[in-house]
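One structure below.
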Amino acid sequence: MTYYYLKTLHHLLVVIWVFGLIYSAAIFLLSSRLQEGHQSKATDMGWNIWRYGAWPSMILGMISGMAMLHLRLFHLADTWMQVKLVAVILLVALHVRCHISFRRARRAQNQMLTKGPTQWAKLVALGATFGVFFLFLMGLKDSFQWIYGTVIATSVTAIISFFLAKKT
């Protein structure tokens, strides 16, 4: 029973983490388009979501994920779990990259000089792609053909997201 409580908590925390990643990048995207008087308010709001939402949910999500793995070590032999762990490492790398970008944007007087709207839109697209990837991987992991559904859904999301990012 403990495993299922941890699993529910883990899924909730991962959704909050990815939401914080996407939403914070979207706020910084909006901030890069605003006039100087409104930039600092939007930047502060994005930073607060990042600091009090995305970071804690990432840390607690990792802890709950490790606790679940401890309870069911046999999942490490499953291909879907190995794919998920590689994706988590990539998501953490994206998280750190976003943190560096957010700190630079917050410290800069003129945020347009640090990153343009297209670069912020690409961070939003990457976050959305990871979110769809995790949703499909967790939803289809028990089916026979989980690889095809996950790859197709992630590819379509990435193509659409990056196409929209280029139009920004």
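The values are calculated or read from the model by the stated rules, or taken from the named source; none is laboratory data. A quick note: this is a predicted structure, and the numbers were derived from the prediction, not measured. Here the Cβ is made from the backbone with ideal geometry for all residues, glycine too, and neighbour counts use every protein chain on show. Accessible surface areas use protein heavy atoms only, side chains included; no ligands, DNA or RNA. Shrake-Rupley method; radii C 1.70, N 1.55, O 1.52, S 1.80 Å.
For the stretch 50-68: of the residues being among the aliphatic types (A, V, I, L, M) and open to solvent by 80 Å² or more (accessible area, probe 1.4 Å), which is farthest from L13 (Cα to Cα)?
Step by step, filter the stretch 50-68, then rank; the result is M66.
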* Restricting attention to the stretch 114-152, and to residues there that are closer than 22 Å to H75 by Cβ and among the small types (G, A, S), which single residue is modelled with the lowest pLDDT? -> S143
* Asked: Being modelled with pLDDT of 85 or more, crowded, with 19+ Cβ neighbours inside 10 Å, of a type outside the set (K, R) and part of a helix (DSSP H, G or I), is that true of even one residue in the stretch 69-87?
  -> no
* Structure fact -> Pairs returned, first residue in the stretch 129-146 that is free of Cβ contacts under 8 Å to residues at least 40 places away in the same chain, second residue that is surrounded by fewer than 18 Cβ atoms within 10 Å (Cβ to Cβ), beta-carbon separation under 7 angstrom, 6 or more apart or interchain, are T129/A158; F136/G149; L140/G149
* Structure fact -> Every listed condition ((1) charged (D, E, K, R); (2) under 22 Å from the mean Cα position of the chain (by Cα); (3) closer than 18 Å to L123 by Cα) holds for K84 save (3)
* To do: Pick out the one residue from R51, R33, R72 that is farther than 19 Å from Q119 by Cα and more than 18 Å from the chain's Cα centre (by Cα).
  => R72
* Asked: Any residue in the stretch 32-44 that is among the hydrophobic types (A, V, I, L, M, F, W, C) and modelled with pLDDT under 85?
  -> yes
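Could you check the stretch 134-168 and list, in sequence order, the residues that are of a type in the set (S, T, Y) and either part of a loop (DSSP other than H, G, I, E, B) or in contact with a Cys (Cβ under 9 Å, 6 or more places away or on another chain) (or both)?
S143, T168 - these are the residues of the stretch 134-168 that are of a type in the set (S, T, Y) and either part of a loop (DSSP other than H, G, I, E, B) or in contact with a Cys (Cβ under 9 Å, 6 or more places away or on another chain) (or both).
Just to be sure before I move on: is F130 assigned to a helix (DSSP H, G or I) and under 14 Å from L29 (Cα atoms) in the structure I sent? Give the derivation first.
On the way: assigned to a helix (DSSP H, G or I): yes; under 14 Å from L29 (Cα atoms): no.
When the stated conditions are applied, F130 does not pass them.
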